[in-house]
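Asker: One structure follows; several queries about it will come next.
The values are calculated or read from the model by the stated rules, or taken from the named source; none is laboratory data. It should be emphasised that the depicted structure is a prediction, and the values quoted were computed from it without experimental measurement. Here the Cβ positions follow ideal geometry from the backbone for every residue, glycine too, while neighbour counts run over all protein chains shown.
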Amino acid sequence: MKQLTTKYDLKQLCAERLGIKPATFRKDPEKYLNKLRKTDDVEIEKGPNSNSPTFYYLTSLSENEMPEVLLESSNEVKLTKNSEEQIELLLKSVLIDEIVPIHSELAKVIGKTDRTVGNRVKEMKELGILLPTPTVTEIECDEETGEIINEYHRRDCYWYYYDTLPNGNIRKLTDTTKVHKAYGIFFKQQISYLKNKHGNKYDSKLGGGLADNFAKKKLNEDFPFYSINRVAEWNVSKEYVGKIFEKYRHINQ
């Protein structure tokens, strides 16, 4: 049966399919197009000029368009059938369902313990499915002399923020812009304080941990949260991102 293709301009796409404003879409178009690709094939038609309108053609995917996600063992890592199924479910929950990637939440997805999740995460790292979080080098210089006074690596990724409620449940923050900005301010304030306090004896690794705790404590007080925390997004290899989206993008959010 031939699938119906619908044509949208940007305003229609945002209102009818995404429920957001065009300005929000323009900030990160790939993010929202990837969400649409979970349920539809998306073709983009751009006009001849920079100010020409762009049109989006969406065709619903057939439910039988579900290719296999092939997980390949290596000489060092041998996966059982159960392990393969669990890894696939974990990848789907993080990439498609956008579950906060902490062991306690992921354990609910596969109906196993935190320890089992830890074992699957270890296997994904060993197989090159789950990659290290990218980092960028930050350099701090003396304002007067230009001399480098500190150099450190910062993880360059999206951060999930989540609040642990009194009953133990997790509440994921959907809009993290203000919280992330406030976290950065509090973090830098504490780092500055620790450097002034300890001088040459300042330990950047220890200081980072103390500043993280300080920033989260301040967030709990200012917003307020019960017990705010954050975790870096998973850096899944492009190969497996493609496999998971190809299999599960037909599923409605």
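Asker: I'm trying to understand the selection: among the residues of segment 1-16, which are within 22 Å of I96 (Cβ to Cβ) and out of contact with any Lys or Arg (no Cβ under 9 Å at 6 or more places or on another chain)?
Answerer: Q3, L13, E16 - these are the residues of segment 1-16 that are within 22 Å of I96 (Cβ to Cβ) and out of contact with any Lys or Arg (no Cβ under 9 Å at 6 or more places or on another chain).
Asker: On the given criteria, is E123 among the charged types (D, E, K, R) and over 30 Å from Q86 (Cα atoms)?
Answerer: In short, no.
Asker: Does K218 satisfy the condition of being touching a Phe, Trp or Tyr at 6+ places or on another chain (Cβ under 7 Å) and more than 30 Å from K92 (Cα to Cα)?
Answerer: yes
Asker: Could you say which residue among S93, S83 is buried (at least 17 other Cβ atoms within 10 Å of the Cβ), in contact (Cβ under 8 Å) with a residue 40 or more places away in the chain and of a type in the set (G, A, S)? Lay out the reasoning, then the answer.
Answerer: On the way: S93 fails: in contact (Cβ under 8 Å) with a residue 40 or more places away in the chain.
On inspection, the qualifying residue turns out to be S83.
Asker: Tell me which of these E143 doesn't satisfy, since it passes every other one: (1) modelled with pLDDT of 90 or more; (2) not assigned by TED's automatic domain parsing to the domain that holds K178.
Answerer: That leaves (1) as the condition not met.
Asker: If I filter segment 108-129 down to residues being touching a Lys or Arg at 6+ places or on another chain (Cβ under 9 Å) and crowded, with 18+ Cβ neighbours inside 10 Å, which single residue comes out as farthest from D40 (Cα to Cα)?
Answerer: R120
So that you can scan it fast, the table gives a plain yes or no per residue for (1) among the hydrophobic types (A, V, I, L, M, F, W, C); (2) touching a helix residue (DSSP H, G or I) at 6+ places or on another chain (Cβ under 9 Å); (3) modelled with pLDDT of 85 or more; (4) part of a loop (DSSP other than H, G, I, E, B):
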position: V42; (1), (2), (3), (4): yes, yes, yes, no
position: N51; (1), (2), (3), (4): no, no, no, yes
position: E68; (1), (2), (3), (4): no, yes, no, yes
position: L71; (1), (2), (3), (4): yes, yes, no, yes
